[in-house]
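Written out below as structure tokens is the structure these notes cover.
The values are calculated or read from the model by the stated rules, or taken from the named source; none is laboratory data. A quick note: this is a predicted structure, and the numbers were derived from the prediction, not measured. So basically every Cβ, Gly included, is an ideal-geometry build from the backbone, and we count neighbours across all protein chains shown. Accessible surface areas use protein heavy atoms only, side chains included; no ligands, DNA or RNA. Shrake-Rupley method; radii C 1.70, N 1.55, O 1.52, S 1.80 Å.
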Amino acid sequence: MKTIDALLAEGVNGKRVFVRADLNVPLADGTITDDGRIRAVLPTVKALAEAGAKVVVASHLGRPKGAPDPAFSLRPAAERLGELLGATVAFAQDTVGTAAHDTVGGLEPGQVAVIENLRFNAGETSKDDAERAEFAEQLAALADVYVGDGFGAVHRKHASVYDLPAKLPHYAGHLIATEVGVLKKLTDDVKRPYAVVLGGAKVSDKLGVIDHLLEKADRILIGGGMAYTFLKALGHEVGISLLQEDQIPAVKEYMKRAEAKGVEFVLPVDVLVSPDFPDLKTKAPANPTTVAADAIPADQEGLDIGPETRKLYASKLADAATVFWNGPMGVFEHPDYAEGTKAVAQALLDTSAFTVVGGGDSAAAVRTLGFDENAFGHISTGGGASLEYLEGKTLPGLAALEN
Ligand SMILES: Nc1ncnc2c1ncn2[C@@H]1O[C@H](COP(=O)(O)OP(=O)(O)O)[C@@H](O)[C@H]1O
Ligand SMILES: O=C(OP(=O)(O)O)[C@H](O)COP(=O)(O)O
């Protein structure tokens, strides 16, 4: 993989450099609640701008449906990028249209522009190779060189991640180089006991990784929205909690295999439940009830792990030598459901283990709940991406940079 250092050595003065970043930051009412992913791409953007490149930053934000949707505009991220750079950052109101061409055409060497959300275009995420290639061709018209630095999206076979690099000279940015360097340690020579904590809401995306983890990890702790598919597989009522019904047979098989292999599988013993999802805007008191994990009322939703589970998970992490954690333990954005995530973050800090936290929301949780991000071994900007990397899968966005 050629890195940005090689590109800088070749020289970029006056060249239009397309930086595929992951600026998929959490937003509340249009305000960025955690800018970690924007800060993570600064070294690449700064280095290119200082070397005289015309820097075109592109990213997805959220999951809009292939058409413009103001709720998912990248404008706030562009503004924050400008604040962090201490420079004006131009913003194009479309991705490959007249606005993008005018904005990029107006850049002077050393200046930076952000183009609008890549996923406002159906071609970005299309499963049809020709449709993706056509959109990649439109993106290629905006640049002379490609730098891949959106680590959080390298597991997506999307036009800007996978098809575009094939059309331009391509290099890996500083963030991708750093992320891959750290995660390699967890695949090559992992120190044991190796504990993995999985939670979050992207359950269907992430359940499959357990298949691989059963071969690698000594202990697997399940929380967040992922826990309820396991509790259901054990025959418990899970009420209106997040549930991946079609995965129940697979989950049963994972638990059987874990037992046979001596991998410890740890599930919540108690959870916080409520009939209503909390109001994340007003943060009005949610007054949850604590119930045993096998006694969730039919009309209620599990929204955090309970106090006994917090203690149990801390004890299971205490003697680990390596911990990988992806996915909050509850709806941490509301203070009534943040304790489980806080307890796991604290448990990671209390061990002498090498700790890696992966995922946009997990990293945001650690920072917004007041933990010092530097106290962890590594905070990865990618959740799904780091899990798939650990699985040993070929990641489209890394393969494209290697070719
Ligand atoms: N029990 C739960 N029910 C619903 N959502 C949950 C639950 N636990 C955690 N979440 C949500 O999961 C989201 C993060 O999930 P995910 O995107 O998979 O993590 P990451 O971005 O770290 O990879 C958070 O917004 C959090 O509110
Ligand atoms: O937030 C992301 O992934 P993550 O939640 O697994 O960390 C990435 O920006 C990828 O987004 P996607 O899962 O909508 O493709």
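Using a simple spin-label model with pseudo-atoms 7 Å out from Cα toward Cβ, Lys191 and Ala130 lie 5.5 nm apart. Partner lysines whose Cα lies under 17 Å from the Cα of Lys342, excluding those fewer than 8 positions away in the same chain, are identified as Lys311, Lys316.
Springs between Cα atoms under 10 Å define the GNM used for the chain, and in it the highest mean-square fluctuation of Lys157, Lys46, Lys393 occurs at Lys393. What the Cβ-Cβ distance of Asp279 and Ala321 gives, at R0 = 41 Å and to the nearest 0.05, is a FRET efficiency of 0.50. The relative contact order of the chain, computed from alpha carbon pairs under 8 Å that lie at least 6 residues apart in sequence, is 17 percent. For the range 294-339, the carbon plus sulfur part of the accessible surface works out to 52%, probe radius 1.4 Å. For a paramagnetic label modelled on Ala28 (point 7 Å from Cα along Cα→Cβ), amide N atoms under 19 Å away belong, within the range 257-280, to 276-280. Full extension of the chain between Ala71 and Ala314 yields a length gain of 83.7 nm, computed as 0.36 nm times the residue separation minus the alpha carbon distance.
Per residue, the solvent-accessible area of the chain (1.4 Å probe, heavy atoms of protein chains only, all protein chains present) comes to 40 Å².
Applying 1/(1 + (r/R0)^6) with R0 = 41 Å to the Cβ-Cβ distance of Glu137 and Ala292 gives a FRET efficiency near 0.15. For Ala99 and Gln346, the difference between the fully extended length at 0.36 nm per residue and the C-alpha to C-alpha distance is 84.3 nm. Of all the options Asn121, Asn24, Asn326, the one that moves most in a Gaussian network model of the chain with Cα springs shorter than 10 angstrom is Asn121.
With R₀ fixed at 22 Å, the C-beta to C-beta distance from Glu108 to Thr3 puts the FRET efficiency at about 0.30. Summing +1 for each Lys or Arg and -1 for each Asp or Glu among the other residues whose beta-carbon sits under 13 angstrom from that of Ala136 gives -3.
Across Gly52, Gly360, Gly223, mean-square fluctuation computed from a Gaussian network of the chain (C-alpha pairs under 10 Å connected) peaks at Gly52. With a cut-off of 11 Å between beta carbons, the residues surrounding Asp34 carry a summed charge of 0, where Lys and Arg count +1 and Asp and Glu -1.
Counting protein heavy atoms only, the range 70-220 has 48 percent of its accessible area on carbon and sulfur, 1.4 angstrom probe.
Rounded, prolate or oblate: which fits the range 130-175, taking a ≥ b ≥ c as square roots of the Cα gyration tensor eigenvalues, rounded meaning a/c under 1.5, else prolate when a/b beats b/c?
The shape class here is oblate.
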